[in-house]
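The structure under discussion appears below in the form of structure tokens.
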Amino acid sequence: MKTILTVGLFFILLLTHKNSPKTVSQQNSFPPALLYPDTLTQALNDLYSQGYINGFAVTLVNESGPLYQKGFGYMDVASQKPYTDSTIQNIASISKTFIGISLMKAQELGKLKLDDPINSYLPFKVINPYFPEKEITIRHLATHTSTITDTRYYDKKSYVLKDDIAADKLKDLNETFNPPSSKTTLLEFLPMILDSKGKYYKKKGFLQELPGIKFDYSNIGATLAALVLEQATGVPFDEFTVKYILNPLNMDASGWSYDQIDLSMHSKLYSNTESELPFYELITYPDGGMRTTAKDMGKYLSELIKAKSGKGTLLNPDSYKEYFKEQLNESHFEERDSVFPYNDEYNMGIFIGHSGNGAIGHTGGDPGVSSLMFFDPKTGIGRFLMINTSLTSKEGANEFFGIMNALGDHAAKLSQ
């Protein structure tokens, strides 16, 4: 749900690849996908042995499907249950890419338009108090230029425990987990923070900028976009995504809640390699609550790769063109990093990021979770990684990004 790491830790590794992969048009055929698996598996095992991540899974795909998929370590350390490519866990902010696809589908269905004011659909008013005459649009939400910003109330209220847990077992955790009784709906929760009459409303929940002018990553803004979709279509967001994304792609292991997935396959999550976190949910589930597997995400990533070259199946070509289009320019950013290869905030599509090196995708981070999903439009190869352990050190970040780089090295071999 939040950015993948704290700013300082996120930029510890400015690792870039110096390979020059061939374009899709140059690679008429891949070498067999099994040509280098032993080398890759050994590299990933070596990284896992560094000991900062309890379990993870990866997938490497092109538009035809998986080139490599595998899990490493444990989904449950205590029982030594292996982490596999069928292990389920939440993927944090990569979930936002599903909001983008859903908005484009709703536009295709004639239920909304990206440039519509959000207050045309909401049963409450969301207004920047510094510029009350300027409408906030759906596109503003989708490109993080709405001026709606996350407050401490959002951070403190959004995580909800799956089950009741004694308070003394939560006292050493860095995150605020609320009791199950606090769980509520998007329509009940968002007005409390965003409506001027709301219980947790604060003017500082909005930037002193005109909507559309400045990029400022907003989790609650993303969740609001999902609510706008619900109001426009008359369909709950989770049901909409099941119908128009998960089912068409046969992502059968995936879902937004515990009752939509096989709980026995869900990984335990860890605040460090020794401390297990309780199962939790997100009131603001659209911004970070997708629960899925590396296998299912491989299907999703293959669809995105196909879509970028005009062969996607979920949306028509024009919708995908708009979805991927770089919506912003230099003036929208105070600063941005063009070197770090996994920076999804160099530019924005419709809830999907662009890095400075041309990759397209998203990152994610939540308690016990970090995830990366990127594809290279030139090579037509994509990478996905999810881990079940919070990253709290430079060494952990080295291991995490080292895994993604090992996948990149393998992708470069397949592109030769």
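The values are calculated or read from the model by the stated rules, or taken from the named source; none is laboratory data. Every value quoted in this text rests on a predicted model; they were computed, and no experiment measured them. Methodologically, a virtual Cβ is constructed for each residue, glycine included, from the backbone with ideal geometry; neighbour enumeration extends over all protein chains shown.
If you take the residues in the stretch 230-256 that are of a type in the set (A, V, I, L, M, F, W, C) and out of contact with any Ser or Thr (no Cβ under 6 Å at 6 or more places or on another chain), which one is farthest from Asn90 (Cα to Cα)?
Ala232
On the given criteria, is Ser64 assigned by TED's automatic domain parsing to the domain that holds Asp376, in contact (Cβ under 8 Å) with a residue 24 or more places away in the chain and exposed (fewer than 13 other Cβ atoms within 10 Å of the Cβ)?
In short, yes.
Take the stretch 312-339 and flag every residue that is modelled with pLDDT of 95 or more, exposed (fewer than 13 other Cβ atoms within 10 Å of the Cβ) and among the small types (Gly, Ala, Ser).
Result: Ser331, single match.
Is it true that Ala106 is at pLDDT 95 or above and under 19 Å from Ala294 (Cβ atoms)?
It is false that Ala106 is at pLDDT 95 or above and under 19 Å from Ala294 (Cβ atoms).
Which residue out of Tyr285, Tyr320, Tyr346 is among the aromatic types (Phe, Trp, Tyr), under 30 Å from Thr147 (Cβ atoms) and in contact with a helix residue (DSSP H, G or I) (Cβ under 7 Å, 6 or more places away or on another chain)?
Tyr320
Could you check how many residues of the stretch 130-173 are assigned to a loop (DSSP other than H, G, I, E, B) and either under 23 Å from Lys96 (Cβ atoms) or at pLDDT 90 or above (or both)?
19
Identify all residues within the stretch 350-402 that are farther than 25 Å from Phe279 by Cα and part of a loop (DSSP other than H, G, I, E, B); write none if there are none.
Of everything in the stretch 350-402, those that are farther than 25 Å from Phe279 by Cα and part of a loop (DSSP other than H, G, I, E, B) turn out to be Ile350, Phe351, Ile352, Ser355, Gly356, Asn357, Gly358, Ala359, Pro377, Lys378, Thr379, Gly380.
Find the residue count for the stretch 272-311, including only residues that are surrounded by fewer than 21 Cβ atoms within 10 Å (Cβ to Cβ) and among the small types (Gly, Ala, Ser).
Number satisfying all stated conditions: 3.
Residue check, Glu230 against (1) part of a helix (DSSP H, G or I); (2) outside the structural domain of Asn347 (by TED's automatic domain parsing); (3) in contact (Cβ under 8 Å) with a residue 60 or more places away in the chain; (4) under 28 Å from His332 (Cβ atoms), all met but one. Which one?
Result: Glu230 fails condition (3) only.
Would you say Asp38 is over 15 Å from Ser415 (Cα atoms), at pLDDT 95 or above and part of a helix (DSSP H, G or I)?
In short, no.
Inside the stretch 117-126, can you point out the residues that are in a loop (DSSP other than H, G, I, E, B), hydrophobic (A, V, I, L, M, F, W, C) and surrounded by 17 or more Cβ atoms within 10 Å (Cβ to Cβ)?
Those that are in a loop (DSSP other than H, G, I, E, B), hydrophobic (A, V, I, L, M, F, W, C) and surrounded by 17 or more Cβ atoms within 10 Å (Cβ to Cβ): Leu122, Val126.
Condition check: in contact with a strand residue (DSSP E or B) (Cβ under 8 Å, 6 or more places away or on another chain) and among the small types (Gly, Ala, Ser). Does Gly353 satisfy that?
So Gly353 fits the description; yes.
Is it fair to say Leu112 is closer than 23 Å to Met348 by Cα, in contact with a helix residue (DSSP H, G or I) (Cβ under 8 Å, 6 or more places away or on another chain), touching a residue at least 40 places away in the same chain (Cβ under 8 Å) and surrounded by fewer than 22 Cβ atoms within 10 Å (Cβ to Cβ)?
Spelling it out, Leu112 is indeed closer than 23 Å to Met348 by Cα, in contact with a helix residue (DSSP H, G or I) (Cβ under 8 Å, 6 or more places away or on another chain), touching a residue at least 40 places away in the same chain (Cβ under 8 Å) and surrounded by fewer than 22 Cβ atoms within 10 Å (Cβ to Cβ).
Somewhere in the stretch 70-80, is a residue β-branched (Val, Ile, Thr), assigned to a loop (DSSP other than H, G, I, E, B) and either at pLDDT 95 or above or within 24 Å of Met348 (Cα to Cα) (or both)?
Yes, the conditions are met somewhere in the stretch 70-80.
Out of (1) at positive phi; (2) outside any loop (DSSP other than H, G, I, E, B), the odd one out for Ile101 is which?
Failed condition: (1).
All but one of (1) buried (at least 24 other Cβ atoms within 10 Å of the Cβ); (2) out of contact with any Asp or Glu (no Cβ under 8 Å at 6 or more places or on another chain); (3) within 22 Å of Ala397 (Cβ to Cβ); (4) not hydroxyl-bearing (Ser, Thr, Tyr) hold for Ala92; which doesn't?
Only one criterion in (1) buried (at least 24 other Cβ atoms within 10 Å of the Cβ); (2) out of contact with any Asp or Glu (no Cβ under 8 Å at 6 or more places or on another chain); (3) within 22 Å of Ala397 (Cβ to Cβ); (4) not hydroxyl-bearing (Ser, Thr, Tyr) is unmet by Ala92, namely (2).
So, in the stretch 253-274, of the ones that are in contact (Cβ under 8 Å) with a residue 40 or more places away in the chain and in contact with an Asp or Glu (Cβ under 9 Å, 6 or more places away or on another chain), which residue ends up nearest to Phe240 (Cα to Cα)?
Looking at the filtered set, the residue picked out is Ser254.
Give the number of residues within the stretch 319-334 that are within 21 Å of the chain's Cα centre (by Cα) and not in a loop (DSSP other than H, G, I, E, B).
Summing the residues that are within 21 Å of the chain's Cα centre (by Cα) and not in a loop (DSSP other than H, G, I, E, B) in the stretch 319-334 gives 6.
Considering only residues that are assigned to a loop (DSSP other than H, G, I, E, B) and under 17 Å from Val242 (Cβ atoms), which ones fall in the stretch 276-299?
Passing the criteria: Gly289, Met290, Thr293.
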